[in-house]
1. First select every other residue whose beta carbon is under 14 angstrom from the beta carbon of VAL201; then total the charges, Lys and Arg +1, Asp and Glu -1.
2. Can you tell me what the convex hull of the Cα atoms of the chain projects to on average, as an area in nm²?
3. Just want the ordering: SER181, SER4, from fewest to most Cβ atoms lying within 10 Å of their own Cβ.
4. Residue-wise, which Karplus ³J(HN,Hα) couplings in Hz belong to region 34-43, taking 6.51 cos²θ - 1.76 cosθ + 1.60, θ = phi - 60°, and x for glycine or proline?
5. Given charges of +1 on the Cβ of Lys and Arg and -1 on the Cβ of Asp and Glu, with all other atoms neutral, how large is the dipole of the chain about its Cα centre, in debye to the nearest 20?
6. Give, as ranges by residue number, the residues of region 176-200 whose backbone N falls under 17 Å from the point 7 Å along Cα→Cβ of ASN219.
7. What are the residues whose amide H is under 5 Å from the amide H of TYR147, where those residues sit 5 or more places off or on another chain and H is modelled from the backbone?
8. Projected onto the charge dipole of the chain (+1 at Lys/Arg Cβ, -1 at Asp/Glu Cβ, origin at the Cα centre), which of GLY342, SER374, LEU96 gives the Cα projection farthest towards the positive end?
Amino acid sequence: MISSSDHAFQDIRDGVRDLCRQFPDEYHRKVDAERGYPEAFVDALTKAGWMAAMIPQDYGGSGLGLTEASVIMEEVNRAGGNSGALHGQMYNMGTLLRHGSEAQKRKYLPKIATGEWRLQSMGVTEPTTGTDTTKIKTTAVRKGERYVVNGQKVWISRVQHSDWMILLARTTPLADVKKKSEGMSIFMVDLREAEKSGLTVRPIPNMVNHETNELFFENLEIPAENLIGEEGKGFRYILDGLNAERTLIAAECIGDGYWFVDRVTKYAKERIVFGRPIGQNQGVQFPIAESFIEVEAANLMRWEACRRFDAHEPCGAQANMAKYLAAKASWEAANACIQFHGGFGFANEYDVERKFRETRLYQVAPISTNLILSYVAEHVLGLPRSF
Ligand SMILES: Cc1cc2nc3c(=O)[nH]c(=O)nc-3n(C[C@H](O)[C@H](O)[C@H](O)COP(=O)(O)OP(=O)(O)OC[C@H]3O[C@@H](n4cnc5c(N)ncnc54)[C@H](O)[C@@H]3O)c2cc1C
């Protein structure tokens with residue numbers, strides 16, 4: 001099956017596809033069954049330079065944009081893998097590149113480019129505030145040349161497989177700021193050092209094989225030089241990272257969507273019931289065709305979100321809409337795929353149930369569909385604020 005954007009960024013697609021061929025379905029199935037982390041796959045992507053795609057050439061990377069990074073993520077998912085194990089580095093990179101100091105870029109980027117360090121984690125969500133991010137309770141209080149962090153985070157992914165995390169914490173109490181989005185800051189946290197002195201990591205077993213954790217901070221001290229950008233402006237900085245994250249996840253869902261359509265089309269041509277291929281029945285054809293149309297349409301919004309992000313134009317609406325459309329399209333494609341595989345859709349060896357679980361996450365994380373609808377209703381259409 002050829003998608004309408006198959007010929008865009010063909011060199012990148014060919015390179016990532018070649019690498020992904022070395023990690024067939026059996027590999028991803030085994031990692032899923034073992035609840036493991038795809039170390040060999042992530043290492044191979046790092047060695048081939050794909051994980052450093054967005055790092056400028058001066059710091060050892062390829063100097064590509066979010067657009068190209070999104071193609072890499074799309075191809076991983078389209079090849080049957082799950083970018084959820086590795087996409088953190090791409091969207092965190094956007095935050096560090098745009099708001100980090102020159103000294104910070106010199107310190108972190110070359111080591112991330114070689115793979116010596118991973119920057120795979122971003123700590124935003126908290127158990128008692130959920131999507132209401134400006135109410136976060138984790139605080140970072142300046143004491144001389146250090147900040148002292150106290151609080152709790154939940155659902156923080158890849159902490160066990162990352163060296164660094166970007167942490168959002170409140171540096172000025174909510175009661176003392178004019179706008180609720182002010183007074184938060186972002187920091188680079190050395191995860192392995194932090195675990196020795198004030199950070200406790202508790203893994204959360206979950207439906208997808210997604211390494212994610214609860215974090216408890218008790219008087220964790222981090223050097224003041226780890227603050228990214230200006231104190232108090234962290235929420236604005238993190239929004240850039242969140243827009244990049246939503247756009248990349250849109251691309252991953254598009255990769256998933258093509259994977260589901262591809263698998264179900266092939267199966268529907270081969271599976272004979274009542275003396276003919278099941279795909280000869282319009283009841284089977286139409287949901288598959290509809291899924292394909294929706295994935296293709298979502299893809300158009302994804303390119304627009306990427307273009308705007310890379311051009312430093314406002315992209316919040318497009319990033320959210322791309323993520324909404326792509327997550328919905330991949331979920332519809334997943335439903336058609338599992339449905340028309342009949343009983344075999346539930347067998348591990350077909351990989352459909354694994355991808356089905358993986359793509360379902362994106363209706364909820366990193367932002368739920370309701371919150372996207374609310375953003376568009378209020379910020380794009382100007383309807384009255386509901387919260
Ligand atoms: C596997 C996984 C990995 C994750 N990784 C990370 C990570 O690395 N870093 C990180 O910071 N976070 C991470 N998250 C957290 C994720 O971003 C949140 O789960 C998501 O934003 C939803 O927040 P919540 O779970 O607190 O839901 P809540 O905010 O509690 O919302 C629950 C439900 O209520 C709905 N709802 C809430 N308010 C409204 C409203 N006003 N109107 C209509 N509907 C509403 C929501 O849409 C949602 O469906 C991860 C989550 C998961 C499951």
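Read-outs: derived from the displayed coordinates by stated rules, not from any lab. Note that the coordinates shown come from a computational prediction; the quantities given were computed from them, not determined experimentally. In this analysis, Cβ positions are derived from the backbone assuming ideal geometry, glycine residues included, and neighbour counts consider all displayed protein chains.
1. Details: positive: LYS153, ARG158, ARG192, LYS196, ARG202; negative: ASP163, ASP190, GLU193, GLU195, GLU211, GLU214, GLU218.
Taking every other residue near VAL201 into account, the sum is -2.
2. Working: hull surface 77.7 nm².
Its average projected convex-hull area is 19.4 nm².
3. Result, fewest neighbours first: SER4, SER181.
4. With the stated coefficients, region 34-43 comes to 7, 6, x, 10, x, 3, 4, 5, 5, 4 Hz.
5. Working: 46 positive and 50 negative charges, 137 e Å.
Dipole of the chain, to the nearest 20 debye: 660 debye.
6. So the set is 194-200.
7. The answer is ILE222, ALA224.
8. Of the listed residues, the answer is SER374.
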